[in-house]
Amino acid sequence: MNSKKAKRIGILTAGGDCPGLNAAIRGVGKTAIVQYGMEVIGFRAGYSGLIEKDYVELTESSLSGILTVGGTILGTSREKPYKFVKDGDTEKPELIKQNYQELGLDALVCIGGNGTMKTANRLAEEGLNVIGIPKTIDNDVWGTDVTFGFDSALSIATEAIDRLHTTANSHQRVMIIEVMGHHAGWIALYAGMAGGGDIILLPELEYNIRSVCKKIEDRYESKKAYSIVVVAEGILHPKETSAARHLADAIQTYTGIETRETVLGYIQRGGSPTPMDRILATRYGAFAAQSIAEGNFGTMVAVHNNLLTTVPLQEISDKLRLVDKDHSLILKARKMGVSFGDEYL
């Protein structure tokens, strides 16, 4: 008879929600329970649940039926337990360590983006057994080729661009669509290319409004009835307005061509995950459970060339995966006449 005590692990989802979180929870939980005989609990509202000891037992049954559901059954928050540590307030980190011990946890799985991974690394440095799983629609977590949530957001943004083509053509307008991406322009680049954008503006590339207007005027003079401008929210623009509103005002002022803007906002983060995100999140979750069984802590699961691996959390902290100015898709787009607003800089 095997009297060895089963490992007990905790799962939390932190930061902004995105499609695929439930698939990742399911991937971790079901693999941990079925394959490795572990006990699994889920903390509510991200790191807040870990601080307040607010959790729920997760069973194979409770993890059924959530694969296709958007959002997260555990809830999330933007709680940053180390935010005031530099000012001497160590209460939250101490509570986390205390609760981790009192609950008899052998490992903690933190599912989230850059902020979540930064906190996960701090907890690992405190001696907790931590595994990170990268998610974000922005696709900007360093150390992995892709995060889950990105493909779903890309599909939503592309569909929106497809729909704007018909209105733009009917009214012979310039249509601006603003997508998410504070620092990284992955959604704008990929959706812009998939949706046939004429101008794509990214936070990583400095743009000039004169270049943007020149492109639009050239298209108008070439008898092209409309233009589609895809813009990431994080491009340089006045703080008191949105990037799309700023561009629409400038384009209409300088060219005289009727211009309208659409800001997708949180629509990109909602709804059921695409099949690709379901699969990626499940793969990440299952591999995280395997990493726990193997004692590979202080790491984040990642995919490189479609192969699963892990990278040290300490290598990820304070880094972002940004679009390189010489990215192959940008180079191909330029050869097709797509403008990135930097032609006359």
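The values are calculated or read from the model by the stated rules, or taken from the named source; none is laboratory data. Everything quoted here is computed from the prediction, not taken from an experiment. As a convention, Cβ positions derive from the backbone with ideal geometry for all residues, glycine included, and neighbour counts pool all protein chains shown.
A few comments on the model shown:
- Set side by side, the residues ILE176, ILE187, ILE137 differ, and just one is modelled with pLDDT of 95 or more, farther than 20 Å from CYS18 by Cβ, of a type in the set (A, V, I, L, M, F, W, C) and surrounded by 24 or more Cβ atoms within 10 Å (Cβ to Cβ), which is ILE176.
- Test: residue in the stretch 264-287 that is within 19 Å of the chain's Cα centre (by Cα), assigned to a helix (DSSP H, G or I), closer than 27 Å to GLY127 by Cα and of a type in the set (Lys, Arg): yes
- Residues located in the stretch 46-102, provided they are touching a residue at least 24 places away in the same chain (Cβ under 8 Å) and at positive phi: GLY46, LYS53, GLY71, GLY75
- Condition met for ILE251 (over 30 Å from THR31 (Cβ atoms) and surrounded by 22 or more Cβ atoms within 10 Å (Cβ to Cβ)): yes
- Note on the stretch 63-116: among residues that are aromatic (Phe, Trp, Tyr) and at pLDDT below 95, the one that is nearest to SER291 (Cα to Cα) is TYR82.
- Restricted to the stretch 87-112, and to residues there that are surrounded by fewer than 22 Cβ atoms within 10 Å (Cβ to Cβ) and small (Gly, Ala, Ser), the residue that is farthest from ILE41 (Cα to Cα) is GLY88.
- Some residue of the stretch 110-125 being in contact with a Cys (Cβ under 8 Å, 6 or more places away or on another chain) and without any contact (Cβ under 8 Å) to a residue 40 or more places away in the chain: yes
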